[in-house]
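Coordinate-derived values only; no laboratory data. What you see is a predicted model, and the numbers here were worked out from it, not measured in a lab. Positions of Cβ are generated from backbone atoms using ideal geometry, with glycine treated the same way; all protein chains shown enter the neighbour counts.
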Amino acid sequence: MDVEHKQLVQLLPLLPLLAELGRTQHITATADVLGLPQSTVSRGIARASSIIGTDLLIRDGRGVRLTPAAKALLPHIEAALGGFQAGLDLVRHESEVVRGRIAVSFQHTFGEAMLPLLISAFRSRHPQPAFDLSQGARDGCLAELAAGDADLALTAPLAAPSRLISSAALYREPLRLVVHHRHPLAGRRRARLAEIRQDPFVAMGPGYGMRSLTDALFREAGFRPRIAFESQDTHTARGLVSAGLGVSILPPGGPGRHLPAQSGDLGWVEIALESGLAFREIGLAWRERRGGADAEPDPVRLFRELVLSDGPALLAGFVRGRSGT
């Protein structure tokens, strides 16, 4: 350690004392403000003068006044302390930012991989926030968002923007016709909706995002399906198809999951649909906040920014795997 660095180390603990002395220009007042004995302040000033190599105070009657050297040094002391305080405030702010809670409402199909991937990426940067997760039908997710029970909502189709709600697309995935592995269409790579006109159909219940998408597909095809079951999750719908109880239109089930099961006659096959509407667009929705008491909490803002900026790239491999591309 060189001499100058050693002197700096010795001076650092004395900087608050010197700064306060510059403001009060009085040893007793400085001692009162800092909560120190007057003798401690006097010794500190003497030690600082010795380290610097010049007097910092001049006796003036019964009081003291700063020397020209002290006056020249004081702005630099104030700047050093101010810089440290700014850094300390930043650290404390960041510490507060990473605390808090983030309420996310999402459709069932996003809980298996998509949402965990996004939360994992966020936690690698900000490990402290807690997440409140609520899953259900698309309409329910958006109702929770509008009511303020959720900060963010992951839905498909993408939520329509309004005065209070904003939304942005994250990715798009194809929809597949799902049939029993012994269905006449099971060996086909592509099929038209008209080819399942007579089949019992396994639909999602009203209010679910997939229900609105399949309704649009059947409107385009010009007929209504023969709904045999209404399900509340895609796993159950796929299970009903696997048992030969109908056909369905669902998001891709992932690689290998279309193979017949080894027990009984269970199993399903996914087939591409010949329709320009056979896809779903997944997006993030959030409430627009106008500042004040209802301003968006920092953890929510940080998570939303990560989802919008990094989400498409983070989810690219997941989407390809589900779609079999």
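Charging the Cβ of each Asp and Glu at -1 and of each Lys and Arg at +1, and nothing else, the dipole of the stretch 145-211 about its Cα centre rounds to 520 debye. Backbone amide hydrogens, once placed in the peptide plane, bring PHE106 within less than 5 Å of SER134, GLN135, GLY136, LEU154, excluding anything fewer than 5 places away on its chain.
What ranking, highest mean first, results for peptides 307-313, 266-272 when packing means the other Cβ atoms within 10 Å averaged over each residue?
Values: 307-313: 15.7, 266-272: 20.7.
Order by mean packing, descending: 266-272, 307-313.
Amide H to amide H distances under 5 Å link PHE131 with ILE102, where only residues 5 or more positions off or on other chains count and H is placed in the peptide plane.
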